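See structure below.
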There are 2 protein chains.
Amino acid sequence: MAFKVGIAGCGTVGSGVVKLLTENCKLIEERTGKKIEIAFVADLNKDKVLSLGVKPEKFFDDALKAVKEVECDAVVELIGGTGIAKEVIKEALKRKRHVITANKALLASSGQELFNLAKENKVSLKYEASVGGGIPVIKALREGLIGNRIERIYGIINGTANFILTQMSQKGLSFDEALKVAQEKGYAEADPTLDVEGIDAAHKIAVLSSLAFCRWVKTEDVYVKGIKELTPLDIEIAREEFGYSVKLLAIAKEVEGALEVRVHPTMIPEENILSSVNGVFNACLIKGDFVGETLYYGKGAGSEPTASAVVSDIVDVAVGNTFFAPECLFKGSNLRIREPDQFTSSFYLRFTAVDRPGVLAKIAQILGKYEISIKMALQKGVAFNGGVPVVMTTHPARKREINLAVKEIDQLSVILKPTFVCMIEEF
Amino acid sequence: MAFKVGIAGCGTVGSGVVKLLTENCKLIEERTGKKIEIAFVADLNKDKVLSLGVKPEKFFDDALKAVKEVECDAVVELIGGTGIAKEVIKEALKRKRHVITANKALLASSGQELFNLAKENKVSLKYEASVGGGIPVIKALREGLIGNRIERIYGIINGTANFILTQMSQKGLSFDEALKVAQEKGYAEADPTLDVEGIDAAHKIAVLSSLAFCRWVKTEDVYVKGIKELTPLDIEIAREEFGYSVKLLAIAKEVEGALEVRVHPTMIPEENILSSVNGVFNACLIKGDFVGETLYYGKGAGSEPTASAVVSDIVDVAVGNTFFAPECLFKGSNLRIREPDQFTSSFYLRFTAVDRPGVLAKIAQILGKYEISIKMALQKGVAFNGGVPVVMTTHPARKREINLAVKEIDQLSVILKPTFVCMIEEF
């Protein structure tokens, strides 16, 4: 008997799913013995849906209506956002249908409510496509690494930001120039806020860390900083002087009994494999206590890669692999979220100073007052922003002390612009 | 009720499994609701088993006896080899116990027989630990990419060989010197044949390609060439002159309706992410028609990483994820194995010639006769092996013509040593 799926939302990802299920339907049946059949496709754009070869009687312009009226085994939610998408998922779960979604924003805001509803109704809520596009990283974390206590996750999980940073690094473009290239190539939206401000990556690391650390992590638990302040000069200095590349890294780790979840531009050693993740590619580095470091890499977005992830979830429920979340997630956890002030790391600091003797001493004196130990310092003999850049890296320090010191330094008359601060991750 | 596993073989991997199940038992139970219990541990070394905290009544010195006498849900075969290991697996399957194994040699020789036996008895035969140590690459291929027609697999799946090549590349060591370092560090056995001759990688790519292409691939279907002939000079020329790194690559791809499965030293572009896989790390690059390129990276061997993979299989069967092989694998396939003569690729050729005018012309003339088109040629002004190295890369050519041309060239009086030939993969 065929396994019937209804598809709610037929945009970029939805049309990829219809295409995959059409083209590779026979292949999937040969492999699993299960025939996957499309029960309905709901979207506002009828012409588009029909152009994919979907029969008119399977088309609905109202997803909620389709869920209510059409018998099926699973509903795929690809509408996006936190409005109607949520209603569709809740309706489907209440009707005891498995749900597959790519909606990280919704999971990061209402995950607990929706997972509980799935559990109550004894169906699965699967979400492989919500992080890392086609990369089966949710499955790896949920099943492949299940024997491990997860220690750390590092993700390059926003392709737009990574494309922009790669352009800035390889071609010396400014952020604005690189954004323009990304928009021309269709890798960035007209309003790129979600991507370049780190919000999309925050949704994704919230989803990953809930799964890894058995604790609901919401968007507001994630410390977020975007990439707009980065300059080609910082990227060049990081590489040429210190051997670092710069990535928008999503990080989740347990430190001294608290969970640290953050997204920000991060300098990482060039020899780390994450430095080789360029352009629109995504990667997650997951460290477990037994397995050590593992990495998952692939296209983090796009119609066909994301469809691959959606279909793996559909097949999972079709063949009975219905384990979708760790049991402990439902029991609550005492693991507290670490305050950003407490983050401890090495830092890169670029001061913009007047070209005058004694500047370095004044900066060093204030850093010393806050017990921040300087690892390397250099003064570039180039004019930048009307001053000269004075760059330092520190030994591990708390963000709190760094913030206080930088605030004090920025008030010095010899400092011309707000200091650029970037965390360094040595792994 | 606890899920009971018997462990047959308590060497490097087996002791890692006992350790993991002991230390992370509670964590696994919190996540899955299932308690995993050790039913027996069979090994010749009683002291070692007891030192791991296994109770004496659970120890057996005869694995086959343990399987026959002890009630359990699954048997983990970690004896290795194709003798008693096979008997243990067959006995367990006949008794309708799920089997988990890391035994690539056995799967590559008797996979069809064992998988059929598992299917007959309606139990699973799982083998995540057989390829890539702790990397959940079997799961990714079997489940995560199930919607994709697999086009290509590229694997760096022997850590010993990769460690040796990394040493040769980064430190300019000869093969013998690098092997010695590997042996001192415990990364290579006293008899390193299986690793450096590519045989272990051949077993693994046989396992991966059976799964990916739904056709039983056996060791003898794999074209194999080891790394002993490689010199630091070739590695240096490849990098400095052509921008290639050299890896022992396992390759499986469907070309014109035939399956090409091979393991050999391969030159690959330095900017490909596989070039960043160094030391004992392993990686598999899998290309699917929808997902595009994905990569899985981690420690390919060692007690704890491999235990992580074994335990993920145990948990899979404990929670009911029992899908272990594509259905079509049991039906047979017409996909034929491509003869090595037919492999088409770009080639790197290093001739060892006398330092005399006209040599290049003679070589080029013979290559031309076989319609092999030269892409780049260079003559290094250094003495090597009593002659001068003349290096060429070709445009895509068939291995058959390359072999014939090289044979003819090697008979020239101006050629002093057998020519070194290496395939180039441009992806």
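Taken together, the values in this text are just the output of simple stated rules run on the coordinates, not laboratory data. Source: prediction; values computed, not measured. Positions of Cβ are generated from backbone atoms using ideal geometry, with glycine treated the same way; all protein chains shown enter the neighbour counts.
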May I ask you to derive the relative contact order of the stretch B:137-301, considering only C-alpha pairs under 8 Å and at least 6 residues apart, and to give it as an integer percent? 34 percent
With a sphere of radius 10 Å drawn around the Cβ of B:P269, what net charge do the other residues whose Cβ falls strictly inside it have (Lys, Arg +1; Asp, Glu -1)? -4
By how many degrees, between 0 and 90 and to the nearest 10, does the Cα long axis of helix A:303-319 differ from the longest principal axis of chain A? 50 degrees
Phi angles of the stretch A:115-128, converted by Karplus (6.51 cos²θ - 1.76 cosθ + 1.60, θ = phi - 60°) into ³J(HN,Hα) in whole Hz with x for Gly and Pro, give 4, 4, 5, 4, 4, 3, 8, 6, 10, 9, 10, 9, 8, 3
Length gained, A:L404-A:E29, 0.36 nm per residue minus C-alpha separation, equals 128.9 nm
In degrees, nearest 10, range 0 to 90: what is the angle between the Cα axis of helix A:399-410 and the longest Cα principal axis of chain A? 50 degrees
Could you give the nm distance between label points at B:T231 and A:Q365, where each point is 7 Å from its Cα heading toward the beta carbon? 6.4 nm
Top mean-square fluctuation among B:G186, B:G11, B:G288, Gaussian network model of chain B, C-alpha springs under 10 Å? B:G186
Test of understanding: extend the Cα→C-beta vector of B:R95 to 7 Å, then name every residue of the stretch B:14-44 with backbone N under 12 Å from that spot. B:39-42
Where in the stretch A:39-60 does the amide nitrogen come within less than 20 Å of the point 7 Å from the Cα of A:I84, taken along Cα to Cβ? A:39-52, A:54-60
For the stretch B:109-161, with the dipole built from +1 on Lys and Arg beta-carbon atoms and -1 on Asp and Glu ones, taken about the Cα centre, which of B:A140, B:N158, B:L125 lies farthest toward the positive end? B:A140
Given a Förster distance of 35 angstrom, what is the FRET efficiency for B:S413 paired with B:R336, based on the Cβ-Cβ distance and rounded to 0.05? 0.25
Would you mind telling me which residue in A:E189, A:E30, A:E254 has the biggest mean-square fluctuation in a Gaussian network model of chain A, where springs connect alpha carbons within a distance under 10 angstrom? A:E30
Extension gain A:K46-A:K180, at 0.36 nm per residue separation less the Cα-Cα distance, in nm? 45.0 nm
Compute a Gaussian network model of chain B, connecting alpha carbons closer than 10 Å, and tell me which residue from B:V99, B:V181, B:V317 fluctuates the most. B:V181
With T = 4 °C, eta = 1.567 mPa s and Kirkwood Rh from C-alpha pairs, the Stokes-Einstein D of chain B in µm²/s is about 56 µm²/s
Two-site FRET efficiency, A:K171 against B:M376, from Cβ-Cβ distance with R₀ of 22 Å, rounded to 0.05: 0.25
Other residues with Cβ under 11 Å from the Cβ of A:V13 give, with Lys and Arg +1 and Asp and Glu -1, a net charge of -1
Across every pair of different alpha-carbon atoms, what Kirkwood hydrodynamic radius in Å does the protein assembly as shown reach? 28.9 Å
Relative contact order, percent, of the stretch A:341-424 when contacts are C-alpha pairs under 8 Å separated by at least 6 residues? 48 percent
Quick check: net charge around B:G387, other residues with Cβ under 15 Å of its Cβ, Lys/Arg +1 and Asp/Glu -1? +2
